[in-house]
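For reference, the structure is listed below as structure tokens.
The values are calculated or read from the model by the stated rules, or taken from the named source; none is laboratory data. Treat the numbers as computed from the prediction; the structure is a model and nothing was measured. Here the Cβ positions follow ideal geometry from the backbone for every residue, glycine too, while neighbour counts run over all protein chains shown. The accessibility values were calculated without ligands, DNA or RNA, using every heavy atom of the protein model including side chains. Shrake-Rupley method; radii C 1.70, N 1.55, O 1.52, S 1.80 Å.
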Amino acid sequence: MKKQILWMVAIFFFLNVSGQNKLNWINELPYITDIPDPFLMNNGSRVSNLSDWMKRRDELKEKFQFYEYGHFAPTSPVSVVSVSPDTIIEYGKDRMIRRVVQLKTGTEGRISFTLNLFIPGKGQGSFPVIIDGDLCFESLQKRLTAEGLLSLVKRGYIIAEFDRTKFAPDENTRVKEGNQLNQNFDFGAILNWAWGFHRTVDYLLTLNIIDKTKIGVTGWSRGGKTALLAGAFDDRIALVAPNCSGTCGSGPLRFVDTGGETIDDIATVFPYWFCSNFQNFLGINRDKLPMDQHSLIALVAPRAYLSTNGLKDTWANPRGTAQAHLAAREVFVALGVQDKMGIFYANTGHDHNIDKWIALLDFADKVFYGKTPSYDYDSIPFVGLNKAYSWSAPKKLF
Ligand code: GCU
């Protein structure tokens, strides 16, 4: 009996020590004041070929889950509860179909959600799709007007919207979320919302009207943070397009411009968006985070990424967003896919208006169909922007 206890203690210590080697606790982490090197591997060597980068991607994924968002719950089957009869929406010669699908997923099918599909023309064909999870804010038909929405859909895109808050409420109720998804993990709402995008993709992949190689995700503000996380972790998503996503989205944690949201602001007002570990990185501890948002963006490569922003959206840190973008771009360049990356600034504030949607579809036309856009998606509208990192990318990895 004594022997058994000794063995158990030994195993417990071994597991603990090996766990700590994998990811460091706060007191072991160095301060990094500029944007951390995405190519520096956990073992201290630098990425020098594609297979290193694939390993590094896994390391970065683990860091984002461990330090910031929490761990994704396992996948769960999605089943169709009902499909409503189609509604036809027409303006002049243009028309689209609105189809409402009720779905359920999660433990014992306890998560019910509605997916509104806006399908071009008579619905025949296989179309690219852009998923928006912000039905909780207001429907796209209201936000963009039915005519505005049709002007997008008629370009040959299905637009699919759902309410991400069906996967976790946007309120401080971690326990309730735990019951819905997975009680063993420490996670925040943004992670569960992203999981909702993944389940939506599961369903869309079962439809013949979807071009399975052209699935895009978008979202506004906290919805944009979610779209980025969802896209970074799911290779089935071909285009990741967060809009005005700011801090913990496309905006960095370091390099927050005057008036922008800091990690202290966001983690204090919205602690439940993140895993509890994130609370350790307030104040000067921010610089102990071994990663920053540019690496989340980099996880999207070699797939396509566009961030749309408002120049006057000070709280969302438009200038810092450009700095994170340029750092992430090093990875896209190293992988030879810089054409798949873009940034767009409208002369507006915090919104997800039709201009940003048009910018998204123009970019989608470029990366999906090779069309030449009228906008330069590499243009950064800040004069004298300082480079936020001192490392440089390894020679090309492709
Ligand atoms: C708050 C929050 C932001 C977030 C925004 C939103 O302003 O501080 O981080 O992006 O809400 O989701 O509208």
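Reducing the range 84-163 and the range 228-271 to their Cα centroids gives an inter-centroid distance of 25 Å.
When you filter the GluC sites (Glu not before Pro) in the range 118-165 for DSSP loop state and at most 11 other Cβ atoms inside 10 Å of their Cβ, you are left with 138.
If you average 1/r over every pair of different alpha-carbon atoms in the range 247-398 and take one over that average, what Kirkwood value in Å do you get? Write down the numbers at each step before the final one.
Numbers: mean 1/r = 0.0611 Å⁻¹.
By the Kirkwood definition, the hydrodynamic radius is 16.4 Å.
Think of the chain as a dipole: +1 on every Lys or Arg Cβ, -1 on every Asp or Glu Cβ, centred on the Cα centre; then among 336, 363, 75, 75 lies furthest on the positive end.
Distance from a point 7 Å along Cα→Cβ of residue 81 to each backbone N in the range 111-135: keep the residues under 12 Å and list them by number. Answer for this model: 111-115. Give me the angle, in degrees from 0 to 90, between the Cα long axis of helix 222-232 and the longest principal axis of the Cα atoms of the chain, rounded to the nearest 10. Rounded to the nearest ten degrees, it is 70. Per residue of the chain, the DSSP helices (runs of n ≥ 4 H) give a summed -39500 (n - 2.57) that works out to -10000 deg cm²/dmol at 222 nm.
Could you state, as a whole-number percent, how many of the C-alpha pairs of the range 211-271 are farther apart than 20 Å? List each step's numbers first, then the result.
Working: 571 of 1830 pairs.
For the range 211-271, the share of Cα pairs beyond 20 Å comes to 31 percent.
Beta bridges from DSSP with both residues in the chain: antiparallel share about 50 percent, rounded to the nearest 5.
Accessible surface for the chain, divided over its residues, is 42 Å² per residue with a 1.4 Å probe. Relative protection proxy for 27-33, 207-213, from highest mean packing down: 207-213, 27-33 (other beta-carbon atoms within 10 angstrom). Rounded, prolate or oblate: which fits the range 79-369, taking a ≥ b ≥ c as square roots of the Cα gyration tensor eigenvalues, rounded meaning a/c under 1.5, else prolate when a/b beats b/c? It comes out oblate by the Cα gyration axes. Between the residues 84, 308, 109, the greatest Cα displacement towards the positive end of the dipole of the range 79-369, with unit charges on the Cβ of Lys, Arg, Asp and Glu, is found for 84. Taking residue 93 as the anchor, which lysines have their alpha carbon closer than 23 Å to its alpha carbon, excluding any fewer than eight residues away along the same chain? Of all the lysines, those that pass the test against residue 93 - Cα under 23 Å, at least 8 places apart if same chain - are 122, 142, 154. Mind pulling the angle between the C-alpha long axis of helix 2-22 and the longest principal axis of the chain? Nearest 10 degrees, somewhere in 0 to 90. Compared with the principal axis, the helix lies near 60 degrees. Taking Cα atoms only, the orientation of helix 354-369 departs from the longest principal axis of the chain by about 80 degrees. Dipole orientation for the chain: of the candidates 379, 66, 353, 66 has the Cα lying most toward the positive pole (charges on Cβ; Lys, Arg +1; Asp, Glu -1).
So for the range 79-369, averaging the separation of alpha carbon pairs under 8 Å that are six or more residues apart and normalising by length, what relative contact order in percent results?
Numbers: 602 pairs, mean separation 42.4, N = 291.
Relative contact order comes out at 15 percent.
Evaluated with a Cβ-only charge set (Lys, Arg +1; Asp, Glu -1), the chain carries a dipole of roughly 900 debye about its Cα centre, given to the nearest 20.
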